[in-house]
């Protein structure tokens, strides 16, 4: 099975989907990008094209490689346009109901032999696989953000995932130049099981008045040598995504240590979701980010 993946479909043309499409096209795969509207697909392809051009301009990839990758990008305005894909990766919003509907629709459109993967950062692979006709050909392939830069990919088997599908996923991840971490199918896997409670604790530290936004982020950058402070990182990830992962951890593991901080809930309710919304723990609407607390 490993040698037969030639084309990769991506469902979701946002930041993660565009990043997965970018690295797949650069590695030689024909890529078909699907989203709810043609405008979103075109925006995703424009983002990828621009990022490839920046890489070429910085000397990170050859100009020829850039042109070849751009030529491998295809718009897929409908699910039916993904019918020829050997592997389809879902990179939609972190909402289980939405993902399950996508998988139900994909099963109608795809070749029965195609592998379906999800880029979920926290939801049960086994449970998502149950929304498909062939859970044995379903797997978690969780990329880190931003995809072209981050080297790690978590590969997660569901209870029904067969060995062929697992080996095909391993081969694909290796072929795009990423390092694999095999994770068991528990809430939030490895990276987010560790990272999100740290971010949540940083928000509690702010909520309880232990430190300001700036002092918390400065402390972790200079005191723990983190490249980005936890509140800055939360804004980068998206506070709605942070909240949904904490809720998955809290619901799935039934431990009070995973209770989402009320301040995180309040920010999400206000629509202050971080960088993408212009405001989160920092206000991004001016020349430089300013703390909101």
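Since every read-out is calculated from the coordinates, none of them should be taken as a lab result. Bear in mind the structure is a predicted one, so any value in this text is a computation, not a measurement. In this analysis, Cβ positions are derived from the backbone assuming ideal geometry, glycine residues included, and neighbour counts consider all displayed protein chains.
A few notes on this one:
- Stretchable slack from residue 287 to residue 95, in nm (0.36 nm times residue separation minus alpha-carbon distance): 65.8 nm
- Within the listed set 155, 265, 213, the Gaussian network model of the chain (springs between alpha-carbon atoms below 10 Å) gives the highest mean-square fluctuation for 265.
- In nm, spacing of pseudo-spin labels at residue 127 and residue 212 (7 Å Cα→C-beta vector): 4.1 nm
- Fully extending the segment from residue 225 to residue 167 would add 17.3 nm, taking 0.36 nm per residue of separation and subtracting the current Cα-Cα distance.
- Our note on the geometry: Cα centres of the range 142-185 and the range 197-226, 31 Å apart.
- The GNM of the chain, with springs linking C-alpha atoms under 10 angstrom apart, assigns the highest mean-square fluctuation among 224, 183, 92 to 224.
- GNM result for the chain, Cα springs below 10 Å: residue of 218, 241, 47 fluctuating most strongly: 218
- Spin-label model, residue 42/residue 151: points 7 Å from Cα along the beta carbon direction are separated by 3.9 nm.
- Rounded if a/c under 1.5, otherwise prolate or oblate - the range 1-94, Cα gyration tensor axes: oblate
- Virtual paramagnetic centre 7 Å along Cα→Cβ of residue 83, amide N under 18 Å, in the range 89-110: 104-110
- The range 98-209: relative contact order as a whole-number percent, Cα under 8 Å and 6+ apart: 23 percent
- Under the simplified labelling scheme, the residue 236-residue 269 pair shows an inter-label distance of 2.9 nm, with each label point 7 Å from Cα along Cα→Cβ.
- Whether the range 155-265 is rounded, prolate or oblate, judged on the alpha carbon gyration tensor where a/c under 1.5 counts as rounded: oblate
- Based on alpha-carbon atoms, the Kirkwood radius and the radius of gyration of the chain give Rg/Rh equal to 0.97.
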